[in-house]
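These notes concern the structure reproduced below.
Please treat every number below as a calculation from the coordinates, not as lab data. This one's a predicted model, so the numbers in the text were calculated from it and none came from an experiment. With ideal geometry, Cβ positions are generated from the backbone for all residues, glycine too; neighbour counts draw on all protein chains shown.
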Amino acid sequence: MLTDYHTHTERGPYTVAWLEQFLEQAHSRGIQEYGVSEHGYRFVQTAHLLDNPWTRERRTQDLDEYHAMVTKARAAGHHVKFGLELDYIPGKERELEAFIQSYPFDYVIGSVHWLGDFGFDLLEMKEQWVARDIKSTYDEYFGILTQMVESRLFDFVGHADVIKVFGHEPQDQEFLQQWYERLATTFARHDVVVEVSTAGLRKPVGKMYPAPQFLKACHLARVPIVINSDAHRPEDVGADYPEAIAFAKDAGYSTLTVFESRQRSQHPIG
Ligand SMILES: [Zn+2]
Ligand SMILES: [Zn+2]
């Protein structure tokens, strides 16, 4: 079994023809379980969940149109899961919960992209890194990630160490290892799945998410995984999967997670 549940069709229209380009790529790469997971901030229905100058400018889509694309694709005989990638914002738990329950998602990805108004993975905010202390920025990011998992709102954690996206990595391995072990324990305690993502290979950092020692800590804590590409265009669906599969197996994993109506099951990888 292979999955790709973290994909974005946002660069095209919400039509079945556009979605079929992603599905074709999934099938050509041997992926049986394909799902879409648009960014929540793009939809007018999420204005109350996340509002800053950057998201406000981009909040132009209708989630019902996005949902209709999936419904129509299913009616045309396609097997496609309906997901969403949501920003976790501390203090918005009640609003997030009500929103998540208002659509029939197969899974909801919890991601942290914002430290206050600092969109740390955005190219247009990259220069803000210059004034930042790397370790305290990691502390802040991993602290919010911990709160996100403790909220139990999400099915899996998106790109768990995306904070390294531009290559800002602490040299202190002990510091990182302590966080990895603490986070893995938190993931296990709150019964969340962690994503193995090939997206980092296509970013300046040039590495898989999460780091090998992070994934090994997750395996030791018995945290299940899902394998995803975070593709933003059809050709990236299933990108670098041979490497991702070997990476997961090296960390000790033999199964991955399949989601359906927010219920999950484990299946052999490959
Ligand atoms: Zn993301
Ligand atoms: Zn994404």
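So the values come out like this:
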quantity	calculated
Virtual spin-label span in nm between Ser261 and Asp51, 7 Å along Cα→Cβ	3.5
With 10 Å bins from 0: P(r) over the stretch 1-150, alpha-carbon pairs, percent	10, 36, 32, 19, 3, 0
Simple spin-label estimate for Ala17 and Phe166 in nanometres, 7 Å along Cα-Cβ	3.9
Within the stretch 187-206: backbone nitrogen closer than 20 Å to the Leu115 label point (7 Å, Cα to C-beta)	200, 203-206
Proximal lysine pairs, the chain, alpha carbons under 21 Å, eight or more residues apart or interchain	14
Beta bridge orientation in the stretch 3-268: antiparallel %, DSSP, nearest 5	30
Expected-Rg normalisation [2.2 N^0.38 Å, Cα atoms] applied to the stretch 121-270	1.02
For the stretch 1-90, diffusion coefficient by Stokes-Einstein and Kirkwood Rh (Cα), 4 °C, 1.567 mPa s, µm²/s	94
Residues Arg29 and Arg182, FRET efficiency given R0 of 41 Å [Cβ-Cβ distance, rounded to 0.05]	0.75
Average projection area in nm² (convex hull over Cα atoms of the chain, one quarter of hull surface)	12.9
Highest average packing first - 75-86, 34-45, 119-130, Cβ atoms within 10 Å	34-45, 75-86, 119-130
For the stretch 105-183, average projected area of the Cα convex hull in nm²	5.8
Ranked list, fewest to most other Cβ atoms within 10 Å of each Cβ, for Glu140, Glu33, Glu174	Glu174, Glu140, Glu33
